[in-house]
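S.K.: Below is a structure I'd like to ask you about.
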Amino acid sequence: MSFEDKNNKNNKKKPFVLAVVGPTASGKTWLGVELAKIYGGEVISADSIQIYKGLDIASAKPTQEEMQGIPHHLIDFLGRDKPFSVSEYVNLANEKIRDILSRGKLPIVVGGTGLYVDSLLDNIKFIDIECSPDYRAELEKTVRTQGNGVLYEELMKKDPEACESIHVNNTVRILRALEVINATGRKFSEIKAEGRSHESPYDSLILGLDFVDRSILYDRINRRVDDMVKRGLVQEAYEVWREGNLQTASKAIGYKELIPYFSGETSLEDCIANIKQQTRHYAKRQLTWFRKNKRIRWIIAEDFSQKNEISEKSQKTIANYRNL
């Protein structure tokens, strides 16, 4: 199949970019590789933890065997003590897309970090706003002494629209919203809306993998965690914990849940059970995010008895989209 630029409704030619999304353990990595083999593509990861070096097992970083010779980009390139923003991801991913297209290949964005995927394909612009370190320190002190609720109430008074998309437990986004409001004197939701007002440079199709029967997905998650443990998850997490590099690793499910075991507070069995539970909760959050994106073409994995049938369904979906 040819992936030459097609005309969109505005008669402007745009390069085609394919994306494969879904909850953890849904089979995204496999499907992305299969489609790359079929269409001559290369994979661009959209995973906020796989970017870090040394966080291999818990992040389900694809192995060389799983990659099957397909080039994978934006994986395993950043020190695990380094901060990394969404805007940095978008800039790097755009560079990779241009490079892949220049070589006549198909860019395939694969991952479960919905914010990365949406920001890239919807061309969300991020405004660099210099915020006050003193104000940030004041906010962080409030969180430590009084909890998120106080700051969430403050944000609700200043920008109720922002609270519609920010959970009361999401400390990072609450602090960021208040910082922006303090620095600019404007609503965070208004600035965010302006960032979404730019037309995307890509003609993109997003395929989503899901399981209507949640018990199937949860069983896949449980078995994946068991496999991670067999492959050395506990040792990997222990090395990170021993070195004290938890600034980024603490965000990864599979690391922070093992700290009580390393500290001698909880049994390994209980910690592993907690990893499974937290991973199931994470899958729910991923699906909640992706369900908001009406452009995603969902493929219900349990409707197919063989993997190749999922691949065939994906190919038909792509062909139908390209022939619109």
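The values are calculated or read from the model by the stated rules, or taken from the named source; none is laboratory data. A quick note: this is a predicted structure, and the numbers were derived from the prediction, not measured. As a convention, Cβ positions derive from the backbone with ideal geometry for all residues, glycine included, and neighbour counts pool all protein chains shown.
S.K.: Scanning region 293-315 for residues that are surrounded by 11 or more Cβ atoms within 10 Å (Cβ to Cβ) and without any contact (Cβ under 8 Å) to a residue 12 or more places away in the chain, which turns out nearest to ILE38 (Cα to Cα)?
M.R.: The residue in question is GLU312.
S.K.: Taking the conditions exactly as written (crowded, with 16+ Cβ neighbours inside 10 Å and either assigned by TED's automatic domain parsing to the domain that holds HIS73 or assigned to a loop (DSSP other than H, G, I, E, B) (or both)), does ILE129 satisfy them or not?
M.R.: no
S.K.: So, one more: With the checklist (1) under 17 Å from the mean Cα position of the chain (by Cα); (2) crowded, with 18+ Cβ neighbours inside 10 Å in hand, flag the one item ILE100 doesn't pass.
M.R.: Tallying (1) under 17 Å from the mean Cα position of the chain (by Cα); (2) crowded, with 18+ Cβ neighbours inside 10 Å, ILE100 fails exactly one: (1).
S.K.: For region 258-273, name all the residues that are out of contact with any Leu (no Cβ under 9 Å at 6 or more places or on another chain) and assigned to a helix (DSSP H, G or I).
M.R.: Within region 258-273, PRO260, PHE262, GLU269, ASP270, ALA273 qualify.
S.K.: Within region 156-172, identify whether any single residue is basic (Lys, Arg) and under 21 Å from the mean Cα position of the chain (by Cα), and answer yes or no.
M.R.: No, because not a single residue in region 156-172 is basic (Lys, Arg) and under 21 Å from the mean Cα position of the chain (by Cα).
S.K.: Scan region 181-192 and report the pairs whose first residue is surrounded by fewer than 18 Cβ atoms within 10 Å (Cβ to Cβ) and whose second residue is of a type in the set (Val, Ile, Thr), with Cβ atoms within less than 6 Å and a gap of 6+ or a chain change.
M.R.: Filtered contacts from region 181-192: ALA183/ILE129.
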